[in-house]
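Heads up, the thing below is written out as structure tokens.
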Amino acid sequence: MWQVTNFPPLWMTRPFVHRDHQNHDLFELPVLAPAVVWAQLAQSLDEDDLVAMADALVAGADPVCTMQELRVQTLAWRGRRGARAMLRAIDNVRVGSLSRPESLQRLQLVRAGIPEPRLNVTVADLHGVDIAMADEVWPEFRTLVEYEGDGHRASRGKFRSDITRVERYADGEWFALRSHADDVFGDPNPFIGRLWRRLVARGWRPGLREPRHIAPARR
């Protein structure tokens, strides 16, 4: 269990600078810190979405929030509405997820009994040459998942590059599964079963005879 000392004020704020383009004036406004907003929403979001929101806050090279800030806020929020949900959610927050569906799918896979993947890491071929950054990766089994949102159909160039990328994965002896919204928000179990069988074929030895049955995520 992580520990936090030196609690900051519960209602932390950050300065937000607004520019009035008409008068060329700058205004500095205090706004609630992202971790505080996350805590306020804990009583209205379901726990998976609470994790997904936190994943988004800590994502990227310049995150709007850190894991430490979320942990501090979680402990500072004890006794308030949503505090128990925050305690359950914080241990499932991961740095690396780049979208809500990716976060929700990761939670579904782990809940089903599949090992936790590495998130948005660059995979390489057998000669060490980088191929691409993949959404969910099991390096020891050279297996990965790419979540294909509707944005992947937005342009002809993106559609074609997706096809080429999957072929490059195959050339590098990676098995790539492609998932979509129905695999998260519809019935996730057929996709989970396919991934389970692929991991087993590549050397994984599960502790369960078959994956647990998983409910769909809330749209």
Check your understanding: For segment 78-132, how many residues meet the condition of being free of Cβ contacts under 8 Å to residues at least 40 places away in the same chain and assigned to a helix (DSSP H, G or I)?
Key -> 5
Exercise for review: Residues that are closer than 20 Å to ALA134 by Cα, aromatic (Phe, Trp, Tyr) and in the same structural domain as ALA112 (by TED's automatic domain parsing): find the helices (runs of 4 or more DSSP H) completely inside segment 154-219 holding 1 or more of those.
Suggested key: 156-171, 189-201
Revision key, fill the gap. Residues of segment 110-150 being acidic (Asp, Glu) and within 18 Å of ALA52 (Cα to Cα), in sequence order, are GLU116, ASP135, GLU136, GLU146, GLU148
**Study point:** Residue that is in a helix (DSSP H, G or I), within 20 Å of PRO216 (Cα to Cα) and either without any contact (Cβ under 8 Å) to a residue 12 or more places away in the chain or more than 10 Å from the chain's Cα centre (by Cα) (or both), where the choices are LEU75, LEU50
**Key:** LEU50
**Study point:** Tally of residues being surrounded by fewer than 14 Cβ atoms within 10 Å (Cβ to Cβ) and either in the same structural domain as PHE185 (by TED's automatic domain parsing) or on the phi > 0 side of the Ramachandran plot (or both) across segment 66-87
**Key:** 1
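Residue-by-condition table, conditions (1) touching a residue at least 60 places away in the same chain (Cβ under 8 Å); (2) surrounded by 12 or more Cβ atoms within 10 Å (Cβ to Cβ):
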residue: GLU173; (1), (2): no, no
residue: ALA181; (1), (2): yes, yes
residue: PRO188; (1), (2): yes, yes
residue: ARG202; (1), (2): yes, yes
residue: GLY207; (1), (2): yes, no
**Study point:** Identity of the residue in segment 154-193, over 26 Å from ASP48 (Cβ atoms) and β-branched (Val, Ile, Thr), that ends up modelled with the lowest pLDDT
**Key:** ILE163
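The values are calculated or read from the model by the stated rules, or taken from the named source; none is laboratory data. All figures in this text were calculated on a predicted structure; none of them were measured in a lab. Quick reminder, even Gly has a Cβ in these numbers, built from the backbone with ideal geometry, and neighbours come from all protein chains shown.
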